[in-house]
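Engineer: Encoded as structure tokens, here's the structure I'll be asking about.
Laboratory data are not the source of any read-out in this text; all were calculated from the coordinates shown. All values reported here derive from a predicted model rather than from experimental measurement. Don't worry about glycine lacking a Cβ; one is built from the backbone with ideal geometry, like all the others, and counts go over all protein chains shown.
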Amino acid sequence: MAFFTVPEDMQALAVERGWLPKETKMLKRIGGMTGDMYCVNRSRQFYVNDVYIGQASLMDGKGQEMPDRSCGSHMVEDNCFLPVGDNPHSFDGRYYGTVPLECIKNKAVLILPTGWRCRLWR
């Protein structure tokens, strides 16, 4: 997981539309690195290296058009990464493409204490 600043053009759009407060940093999985391929196909399905990630929406929750990554394959450029969220409505690389590695401010790591057990509640 990477903690990063959103590129200026997409951050301006996110602030204008009320999706994010000004100067917000994001936490997303790194879905692709240099040389990886990603695409949004004609059915609005988002793939990274031929692995289905989720749908790309045409509209946000307020009925405003989402940024459109043109159909077709794209390659993650040198010194960039592709941020990917787990939520199908995540504001991530499916809408704004790649982000320069220099925008990463930190990384997140899940740490579980020794002996930790997961209990399922019913």
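Engineer: Sort largest first and round to whole Å: the equivalent ellipsoid semi-axes of the chain, each the square root of five times a Cα gyration tensor eigenvalue. Walk me through the numbers on the way to the answer.
Structural biologist: Details: eigenvalues 122, 65, 63 Å².
In descending order the semi-axes read 25, 18, 18 Å.
Engineer: Lys and Arg at +1, Asp and Glu at -1: add these up for the other residues within a Cβ distance under 13 Å of LYS28 and post the number.
Structural biologist: Values: positive: LYS25, ARG29, ARG94, LYS105, LYS107; negative: ASP86, ASP92.
Its environment carries a net charge of +3.
Engineer: Output the relative contact order of the stretch 2-107, whole-number percent, from Cα pairs under 8 angstrom with separation of 6+ residues.
Structural biologist: For the stretch 2-107, the relative contact order is 31 percent.
Engineer: Additional query: For GLU8 and ASP60, FRET efficiency with R0 = 25 Å and r from the beta-carbon atoms, rounded to 0.05?
Structural biologist: 0.80
Engineer: Further question: Summing Lys, Arg as +1 and Asp, Glu as -1, what charge do residues with Cβ under 13 Å from the Cβ of CYS80 carry, CYS80 excluded? Show your work: numbers first, answer last.
Structural biologist: Values: positive: none; negative: ASP36, GLU77, ASP78, GLU102.
Every neighbour counted, the sum reads -4.
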